């Protein structure tokens, strides 16, 4: 299914998602390059909310750029299959091999502001991430490893402590939403 169609069919959870869905569709219709970082204003990313089987813990990475515990994910870099991107990023950033997709399609939508920063010695201007998040399950006993160029820690966090450990204020409401809308086992 085409990305635009996936987003069109997505049923927003709240007002934030309604607005972000509308803007994402607008950006898809306005820009031909929203799947690549060539679009310096906004581009698509895919993130993951990785939970254990009991839904009591979330796997978080300590993100080097943001200096905070965060979800995993990354840029589409031309790939319109964002679930594929999400799985690739989850495996690269955590070392996990066995991941089960729990969401039937996109789990949540967010447009995230990214402040200017340096990455690999190059200046990256402030921009927007048009993010599609996917709900994944992993075995918390499976070995994890850091990806040194992106994170400096990986750990399972009690689902009720996620908000406390992130330093990014804007992410707290998003993580809270992801927990609230999680389907029961």
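The values are calculated or read from the model by the stated rules, or taken from the named source; none is laboratory data. Just so we're clear, the structure is a prediction, and the values are computed from it rather than from any experiment. No Cβ is skipped: glycine too gets one built from the backbone with ideal geometry, and neighbour counts run over all protein chains shown.
Quick check: is even one residue across the stretch 38-54 touching a strand residue (DSSP E or B) at 6+ places or on another chain (Cβ under 6 Å), over 30 Å from residue 184 (Cα atoms) and assigned to a strand (DSSP E or B)?
Yes, there is a match, as at least one residue in the stretch 38-54 is touching a strand residue (DSSP E or B) at 6+ places or on another chain (Cβ under 6 Å), over 30 Å from residue 184 (Cα atoms) and assigned to a strand (DSSP E or B).
So, residue 93, is that one more than 19 Å from residue 7 (Cβ to Cβ), buried (at least 19 other Cβ atoms within 10 Å of the Cβ) and in contact (Cβ under 8 Å) with a residue 60 or more places away in the chain or not? So that I can check it myself, show each step before the final result.
Working: more than 19 Å from residue 7 (Cβ to Cβ): yes; buried (at least 19 other Cβ atoms within 10 Å of the Cβ): yes; in contact (Cβ under 8 Å) with a residue 60 or more places away in the chain: yes.
For residue 93, the condition - more than 19 Å from residue 7 (Cβ to Cβ), buried (at least 19 other Cβ atoms within 10 Å of the Cβ) and in contact (Cβ under 8 Å) with a residue 60 or more places away in the chain - is met.
Grab the strands (runs of 3 or more DSSP E) fully contained in the stretch 107-158, keeping just those with 1 or more residues being under 17 Å from the mean Cα position of the chain (by Cα).
In the stretch 107-158, the matching strands (runs of 3 or more DSSP E) lie at 108-114, 127-137, 151-158.
Assess whether residue 113 counts as being exposed (fewer than 13 other Cβ atoms within 10 Å of the Cβ) and in contact with a strand residue (DSSP E or B) (Cβ under 9 Å, 6 or more places away or on another chain).
Answer is yes for this residue.
Quick test of your reading of the structure: residue 34 fulfils all but one of (1) touching a residue at least 12 places away in the same chain (Cβ under 8 Å); (2) under 29 Å from residue 154 (Cβ atoms); (3) in a loop (DSSP other than H, G, I, E, B); (4) over 12 Å from the mean Cα position of the chain (by Cα). Name the failing condition by number.
(2)
What is the number of the single condition among (1) farther than 25 Å from residue 137 by Cβ; (2) in contact with a strand residue (DSSP E or B) (Cβ under 7 Å, 6 or more places away or on another chain); (3) surrounded by fewer than 15 Cβ atoms within 10 Å (Cβ to Cβ) that residue 64 does not meet?
(3)
Between a first residue in the stretch 168-180 that is under 12 Å from residue 107 (Cβ atoms) and a second residue that is exposed (fewer than 12 other Cβ atoms within 10 Å of the Cβ) and modelled with pLDDT under 95, which pairs have beta carbons less than 9 Å apart while being 6 or more apart in sequence or on different chains?
Final answer for the pair search is 179/160.
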